[in-house]
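Undergrad: Here it is: the structure, laid out below.
The numbers here are math on the coordinates, done by the rules we state, and not lab data. Just so it is clear, the structure is predicted and the values come from calculations on it, not from any experiment. Using ideal geometry, Cβ is built from the backbone for each residue, glycine included, and neighbour counts are taken over all protein chains shown.
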Amino acid sequence: MVTEATGQCLCGAVRITVSHPPQEVNACHCGMCRRWTGVALVTLDVPEANIRIEGRNAVRSYVSSDWAERCFCGQCGSSLWYRLTAPAAPRDYYLAAGLMDDLSGMSLANEIYTDHRPGAFAFAGPAKQITEAEFLAMLPPPAQEE
Ligand SMILES: [Zn+2]
Ligand SMILES: [Zn+2]
């Protein structure tokens with residue numbers, strides 16, 4: 001069992017260490033994630049207590065909605081993580097999986113906003129397929145997420 005995983009942005013200014021990394025990734029096909037990443041946002045979902053971040057002075061935040069921010073490296077532009085900002089929201093990091101040095105052995109668990117996924121972006125594997133309406137129905141009201 002892997003107990004620690006490391007990653008970094010393209011230029012290396014931001015370095016990330018995740019303890020007890022999940023062995024599954026999730027993908028979001030919403031329009032904001034598509035524009036932010038170029039394809040889809042594929043994340044490792046990590047509780048705040050399990051992440052260590054070096055180079056925080058290079059981290060920039062884009063407030064993408066009333067309830068979430070998207071952080072990126074101010075030097076190289078790499079997408080870093082998505083976080084909910086509402087005071088009551090979980091403080092988890094939805095960390096861009098592509099930052100990690102080694103993604104071997106991980107599987108794709110869930111794809112959300114599948115009804116927004118362009119036909120050209122089919123992913124392999126039997127991930128659970130969740131549409132926008134199905135995803136919003138899973139959230140506790142009145143939260144919304146994109
Ligand atoms: Zn960078
Ligand atoms: Zn999204």
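Undergrad: What is the local net charge at L95, summed over the other residues whose Cβ is closer than 15 Å to its Cβ (Lys, Arg +1; Asp, Glu -1)?
TA: -3
Undergrad: How far apart, in nm, are two points set 7 Å out from the Cα along the Cα-to-Cβ line at D101 and at Q75?
TA: 1.7 nm
Undergrad: Could you check how many percent of all C-alpha pairs in the chain are farther apart than 26 Å?
TA: 22 percent
Undergrad: Quick one: Cα centre-to-centre distance for the range 40-88 and the range 10-24, in angstrom?
TA: The range 40-88 and the range 10-24 have Cα centres spaced 12 Å from each other.
Undergrad: Could you pull out the trypsin sites (Lys or Arg not before Pro) across the range 13-96 that fall in loop regions by DSSP (anything but H, G, I, E, B) with no more than 14 other Cβ atoms inside 10 Å? Intermediate results must be reported in sequence, preceding the final value.
TA: Values: sites: R15, R34, R35, R52, R56, R60, R70, R83, R91; in loops: R91.
Sparse-neighbourhood loop trypsin sites (Lys or Arg not before Pro): R91.
Undergrad: Additional query: Compute all pairwise cysteine Cβ distances in the chain, then list the cysteines with no distance under 4.7 Å to another cysteine.
TA: C30, C71
Undergrad: Gain in length, A89 to V39, computed as 0.36 nm per residue apart minus the alpha-carbon separation, to one decimal in nm?
TA: Net length gain for the segment: 15.4 nm.
Undergrad: Grab the DSSP H runs of the chain that are 4 residues or longer, score each as -39,500 (n - 2.57), total them, divide by all residues and round the 222 nm result to the nearest 500 deg cm²/dmol. The partial results should precede the final answer.
TA: Working: 2 runs with 14 residues, N = 146.
When only DSSP H runs of four or more count, the value is -2500 deg cm²/dmol.
Undergrad: Let me ask you something else. If each residue of separation counts as 0.36 nm, what is the full-extension length gain between A124 and V63 once their alpha-carbon separation is subtracted?
TA: Result: 18.8 nm gained on full extension.
Undergrad: Now for a separate question. Relative contact order for the chain: what percent, with Cα pairs under 8 Å and sequence separation of 6 or more?
TA: Normalised by residue count, the contact order of the chain is 25 percent.
Undergrad: Now for a separate question. Report the full-extension gain for the segment E24 to R56: residue separation times 0.36 nm, less the Cα-Cα distance, to one decimal in nm.
TA: The E24-R56 span can extend by a further 9.0 nm.
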